[in-house]
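For reference, the structure discussed in these notes is given below.
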Amino acid sequence: MKIGIFTDSYLPTPTGVAVSVETFRKGMEHLGHDVYIFAPEFPKYRDVIPRVYRYPSFFTPVRPDAPVALPVLNKHIGEIEKIGLDIIHTQHFFTLGQLGLTIGKKLRLPVVHTYHTLYVEYANSYAPFMRGFARWWLVRKSRTYSNQCQTIIAPSPSMKKLIRQYGIVTPIEAIPTGVRMDDFAALPPETMKHKYSIPADRQVLLFVGRLGDEKNLRFLFRAFKTIWTRRENTQLMLIGGGPQEDEYKKIVERQPFADHVTFTGFLPKGETNKIFGACDVFVFPSITDAQGVVIAETMAAGTPAVAVNRLGPTDLIRDGEDGFLTPLNEKTFADKVIYLLENEKIRRHFGQAARKNVQRFSTDNSTRHMLEVYERLTS
């Protein structure tokens, strides 16, 4: 099968969408299928894998960490027609997602769309002065786009339930991004601490993700103040970058726990994978993540997570068995983190259970499920 994936987020930007695209690409090619990626150009980056087609792009103040593609219809269209795609899979409903839908109609191909991002919820952070209009417009846009596709993929059952309320009538399948269990061999904790100048006696809390308001990091900083007050030998490590990175650093600089917070910036995916298992507890305050791929990744590394009980994490974490889900309450969140830090035996037990339980979200299972959708639409 020849599969065309149109995505506005791809390598080298290590976003959740880019990770998802790469995970499925590798899984499908391993099973003998040809995957063609259509993505924005990234300055000075050269693809090392075949079948990647890039579109001209530019950067914006809203997303200085990710290029925005110029979806030129006639660019690559001749090559796309020669390829003879069987199906198109879009990852966004803007720019290249819209282009993928247009090409699908032009070539009479089925179009599948993964609803990765809750843009409607992001309106609170990025359009505060036009919140009502922005939410209305985004619901309308996503509904109109989705109802032109043949199948919608939701990264989690919770997401499927939510987007159905937008008026989407297209069939929706819940298929999470899978994880490869052997990708998460951990660095020795002492090696990781030395590399990032963390004192050897500190327990490390890890957050991995985009440093933007939608990740609810101000909540995490307030919760960490409580944790640090009760356990001063604790370090918070944040891996990632984003539009609020400098702002968050300034917030932390004013706090008494400033030297207990480490910002690493973006790290290569392989390096991040090794850090998951070298930390003590993974912390995830986001209330807008459709799946929270990083939750599955930390579970694969055997590190328990404490997350706010919203959307994606609720479908991954088994509360009280392999991690904790908490209400949107800083004290409760901090209490659960402290409980795991103070109880090494329970923390290790949770980590072992997490690694076992996450196997239901393996790359093989997710890839085969996605291919079943493709085959149903192309048969």
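The values are calculated or read from the model by the stated rules, or taken from the named source; none is laboratory data. Everything quoted here is computed from the prediction, not taken from an experiment. All Cβ positions, glycine included, derive from the backbone under ideal geometry; neighbour counts span all protein chains shown. When the accessible area is computed, the model is the full protein with side chains, heavy atoms only, and any ligands, DNA or RNA have been set aside. Shrake-Rupley method; radii C 1.70, N 1.55, O 1.52, S 1.80 Å.
For region 98-123, the set of residues classified as without any contact (Cβ under 8 Å) to a residue 40 or more places away in the chain and polar (S, T, N, Q) consists of T102 only.
Considering the conditions (1) surrounded by fewer than 18 Cβ atoms within 10 Å (Cβ to Cβ); (2) out of contact with any helix residue (DSSP H, G or I) (no Cβ under 7 Å at 6 or more places or on another chain); (3) among the polar types (S, T, N, Q), Q255 is excluded by exactly one of them, (2).
Of the residues making up region 320-354, those that are crowded, with 20+ Cβ neighbours inside 10 Å and either part of a loop (DSSP other than H, G, I, E, B) or basic (K, R) (or both) are D322, K336. Taking first residues from region 71-97 that are part of a helix (DSSP H, G or I) and partners that are open to solvent by less than 30 Å² (accessible area, probe 1.4 Å) and basic (K, R), no Cβ contact under 6 Å between residues at least 6 apart in sequence or on separate chains turns up. Answer with yes or no whether V294 is assigned to a helix (DSSP H, G or I), among the aliphatic types (A, V, I, L, M) and either within 28 Å of M159 (Cα to Cα) or in contact with a Cys (Cβ under 6 Å, 6 or more places away or on another chain) (or both). So V294 fits the description; yes.
Residue check: is T332 out of contact with any helix residue (DSSP H, G or I) (no Cβ under 7 Å at 6 or more places or on another chain) and of a type outside the set (D, E, K, R)? Yes. Among the candidates A185, A200, which residue alone is without any contact (Cβ under 8 Å) to a residue 12 or more places away in the chain and aliphatic (A, V, I, L, M)? Just a single option satisfies the conditions, and that option is A200.
Taken together, the residues in region 251-266 that are free of Cβ contacts under 8 Å to residues at least 40 places away in the same chain and outside any strand (DSSP E or B) amount to 9. Per the conditions (1) surrounded by 14 or more Cβ atoms within 10 Å (Cβ to Cβ); (2) part of a loop (DSSP other than H, G, I, E, B); (3) modelled with pLDDT of 95 or more; (4) of a type in the set (D, E, K, R), the sole criterion not satisfied by R210 is (3).
Annotation for region 151-161: at least one member residue is without any contact (Cβ under 8 Å) to a residue 12 or more places away in the chain, part of a helix (DSSP H, G or I) and out of contact with any helix residue (DSSP H, G or I) (no Cβ under 6 Å at 6 or more places or on another chain).
Within region 59-93, the only residue that satisfies the criterion of being farther than 14 Å from I37 by Cα, among the hydrophobic types (A, V, I, L, M, F, W, C) and at pLDDT 90 or above is F93. Applying the criterion of being open to solvent by 30 Å² or more (accessible area, probe 1.4 Å) and outside any helix (DSSP H, G or I) to the residues of region 11-32, the residue that is nearest to S362 (Cα to Cα) is L31.
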